[in-house]
Amino acid sequence: MDLKEQLKKVTEDLEKLERKKEKFLADYDEKRKKILTKKKELENKIQREQEEKILRAVQDSFGKINEKNIDTFLDILEKNSEEFSMEMEIALENFEENNEVVSDDLPNSGTQQSVEEQGYSYESNEP
C-alpha cells in the first residue's frame with residue numbers, strides 16, 4: 001500500500017469514527033433526556049403522594065376543606081401554630097430551668113482533691 005492509499009484509508013476510518021461519535025452522542029443525549037424526564041416524573045409522583053397524605057390527614061382532622069370553610073380552617077391553623085409555638089417556648093424555658101437546677105446540684109468534677117482530702121497517696125498503697 002502506498003502513502004496515498006494509506007491516507008485514504010485513515011481518512012475513511014476517521015470519518016467512520018466521527019459518525020460513530022455523533023451517533024453515540026445523539027444516543028447519549030436521548031437517553032439522558034429520558035432519564036431526566038423519568039427522574040422529574042418520579043419527583044412529581046413523590047410530591048403528589050406527600051401532598052395527598054397531608055390532605056388526608058387534614059381532612060381526617062378537620063373534615064373536607066372547601067372554599068366556604070377555608071378561611072375558618074386557616075384561622076384555626078394559625079391559632080394552633082401560635083399555641084404550639086408558645087407551648088414550645090414554655091417547654092424550652094422549663095427544660096433550661098430544670099437543667100440549671102440539676103447542674104447546680106452536681107459536684108464539680110473538674111476540681112482535683114489534694115492528697116490530704118483524699119486520705120491516701122497515689123505513690124504508696126498506705127492510707
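Tabulated results
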read-out	value
Kirkwood-based shape ratio for the stretch 25-90, expressed as Rg/Rh from alpha carbons	1.32
Qualifying lysines (Cα of each under 28 Å from Cα of LYS45; at least 8 residues distant if same chain)	LYS31, LYS33, LYS34, LYS53, LYS64
Calculated FRET value between LEU7 and ASP29, using beta carbons and R₀ = 41 Å, to 0.05	0.80
Theoretical FRET efficiency, 1/(1+(r/R0)^6), r = Cβ-Cβ of GLN50 and ILE90, R0 41 Å, to 0.05	0.85
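Every number in this text was worked out from the coordinates using simple rules, so none of it is lab data. As the structure is a prediction and not an experimental result, all values here were calculated from the model. Glycine gets a Cβ as well: all are built from the backbone with ideal geometry, and neighbour counts include every protein chain shown.
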